[in-house]
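Have a look at the structure below, then the notes.
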């Protein structure tokens, strides 16, 4: 296998690169001009990810492409998200058609489902309802990728919110809990959520690659742990030797305070996190049994290990 990887400069991509190197396969990393991957042993090609002609040259000889890059930095324009997340996906797929790769894997996120999930795990067939320009662009990138399925074998891997993602909401909220151990938790923090560590996301990617012909034209969920907001908050505090002190804010009360613009006083929101009360008051449970049954994949890091990797970025590099 000769694998081309995008996104190696981001936390999930760094772990995917490390996992592929452990499997002793040939890996070529595509990075934006001026960006260097953390692993200087990787064969790196500087290329504009929206330039299909340049990408065709960079993909020459590749058997598989793993597209893990995504613009997730908050506060960017819809045009920026569309260009980075949609245009780069279609440009890569145009290049894949020309060089006839054996498989293209798009690493996406279950966050495109939005905030209206039921309190039980949802399967891959659940309909996305993305909120905001960022997640709308990632959902549209999935739709665009599927239009190529007759000419390029494609698999979609939707990962649970990644604890280690640099600009991810999850990492910011957990960091906020550790810094503010007296913050209120909606509904006592009992809201269930699925999360994943970057290293376990990388293992899920590798689990699908060796038998890509069976994964083609399918969507898979990947999760590492099924937990609650309170457990995340308390485990994060303990890892940083901070005594967790959280008080309970029932969901109806939290929503009332939010409506009265008092939530920042009672439930202080992390900087840059919109709809904080909605975020931690709604479930985000996913059913990840499909990838486990089809590939034998299972996560290695428990919740504490995943948090340690997220709160100490050097862990697992």
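The values are calculated or read from the model by the stated rules, or taken from the named source; none is laboratory data. All of these numbers come straight from a predicted model, not from anything done at the bench. Backbone-built Cβ (ideal geometry, glycine too); neighbour counts: all protein chains shown.
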Any chance segment 219-239 includes a residue that's touching a strand residue (DSSP E or B) at 6+ places or on another chain (Cβ under 8 Å), crowded, with 24+ Cβ neighbours inside 10 Å, part of a helix (DSSP H, G or I) and in contact (Cβ under 8 Å) with a residue 60 or more places away in the chain?
yes
Of the residues in segment 139-153 that are in contact (Cβ under 8 Å) with a residue 12 or more places away in the chain and closer than 21 Å to residue 81 by Cβ, the one that is surrounded by the fewest Cβ atoms within 10 Å (Cβ to Cβ) is 144
Scanning segment 102-138 for residues that are surrounded by fewer than 18 Cβ atoms within 10 Å (Cβ to Cβ) and under 21 Å from residue 3 (Cβ atoms) gives 102
Within segment 113-138, residues in contact with a strand residue (DSSP E or B) (Cβ under 8 Å, 6 or more places away or on another chain) and within 17 Å of residue 86 (Cα to Cα) come out as 135, 138
If I filter segment 43-66 for residues that are under 18 Å from residue 207 (Cα atoms) and not in a strand (DSSP E or B), do I get at least one hit? yes
Screening 254, 202 for residues that are part of a helix (DSSP H, G or I), at pLDDT 90 or above, touching a helix residue (DSSP H, G or I) at 6+ places or on another chain (Cβ under 8 Å) and closer than 25 Å to residue 305 by Cα leaves only 202
Matching residues in segment 152-189 (outside any helix (DSSP H, G or I), within 20 Å of residue 273 (Cβ to Cβ) and over 13 Å from the mean Cα position of the chain (by Cα)) number 7
In the set 86, 16, the lone residue that is surrounded by fewer than 23 Cβ atoms within 10 Å (Cβ to Cβ) and either at pLDDT below 90 or within 26 Å of residue 170 (Cβ to Cβ) (or both) is 86
Problem - Verdict on residue 298 being out of contact with any strand residue (DSSP E or B) (no Cβ under 9 Å at 6 or more places or on another chain), part of a loop (DSSP other than H, G, I, E, B) and surrounded by fewer than 19 Cβ atoms within 10 Å (Cβ to Cβ) - result: yes
*Taking the stated definitions as given, is residue 292 in contact with a helix residue (DSSP H, G or I) (Cβ under 7 Å, 6 or more places away or on another chain) and surrounded by fewer than 20 Cβ atoms within 10 Å (Cβ to Cβ)?*
no
